[in-house]
1. Just to be sure before I move on: is residue 39 under 12 Å from the mean Cα position of the chain (by Cα) and either modelled with pLDDT of 95 or more or in the same structural domain as residue 26 (by TED's automatic domain parsing) (or both) in the structure I sent?
2. Return only the number of the condition from (1) within 16 Å of the chain's Cα centre (by Cα); (2) more than 18 Å from residue 90 (Cβ to Cβ); (3) touching a residue at least 40 places away in the same chain (Cβ under 8 Å) that residue 32 does not satisfy.
3. So which of 29, 48 ends up being buried (at least 16 other Cβ atoms within 10 Å of the Cβ) and part of a helix (DSSP H, G or I)?
4. Could you list all residues from region 55-85 that are in contact with a helix residue (DSSP H, G or I) (Cβ under 7 Å, 6 or more places away or on another chain) and under 12 Å from residue 27 (Cβ atoms)?
5. Those residues that are in contact (Cβ under 8 Å) with a residue 40 or more places away in the chain and crowded, with 16+ Cβ neighbours inside 10 Å, I need them from region 59-69; list them, please.
6. Got a sec? Which of 72, 56 is at pLDDT 95 or above and either surrounded by 18 or more Cβ atoms within 10 Å (Cβ to Cβ) or more than 15 Å from the chain's Cα centre (by Cα) (or both)?
């Protein structure tokens, strides 16, 4: 049985498409915990995250014939489905968060180094403020931070997961994601400072 578990994703996929549907359970075993960790960054309520992961895995099974290993690894493809499932779930369950553009306009001179400097200062309340600031981000923004800083995914993989572009222009995807990342870091800096000022 251990030999079976060591098969590549492509071997399992081919066998499932040939009619061995039970092999999908081995793919689920391989990726379920990773997906739960990933979705948990978007949906913090564990029960909801587990439901989204189940829905995403079912969607992946139903679309398995559409998987193209030339476009992305199976792990990245699964994350794209999980991301879409999670954001769809949030749209049904929760109102859209208020835009913070008015705050960003007030600090147009903020740069990436400002957030690094703020985080390096530390302090007993910084972790709590950072956690609260992260919760104020849109799910897509939290996901981008998680994929880049925690997962260490490339910009091309992130673009695929988030459904940005068609994959034919990686330079454009890198440029767009770099800009988004800067804007999210700027938003975190502004939010942390606002939360700190509110409690002084």
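The values are calculated or read from the model by the stated rules, or taken from the named source; none is laboratory data. Quick caveat, the model's predicted, so the values are computed rather than measured. Here the Cβ positions follow ideal geometry from the backbone for every residue, glycine too, while neighbour counts run over all protein chains shown.
1. Details: under 12 Å from the mean Cα position of the chain (by Cα): yes; either modelled with pLDDT of 95 or more or in the same structural domain as residue 26 (by TED's automatic domain parsing) (or both): yes.
Criteria met by residue 39.
2. If we test residue 32 against (1) within 16 Å of the chain's Cα centre (by Cα); (2) more than 18 Å from residue 90 (Cβ to Cβ); (3) touching a residue at least 40 places away in the same chain (Cβ under 8 Å), just (3) comes out false.
3. 48
4. Answer for region 55-85, where residues must be in contact with a helix residue (DSSP H, G or I) (Cβ under 7 Å, 6 or more places away or on another chain) and under 12 Å from residue 27 (Cβ atoms): 57, 60, 61, 64, 67, 74, 75, 78.
5. Answer for region 59-69, where residues must be in contact (Cβ under 8 Å) with a residue 40 or more places away in the chain and crowded, with 16+ Cβ neighbours inside 10 Å: 64, 67.
6. Just one listed residue meets the conditions, 56.
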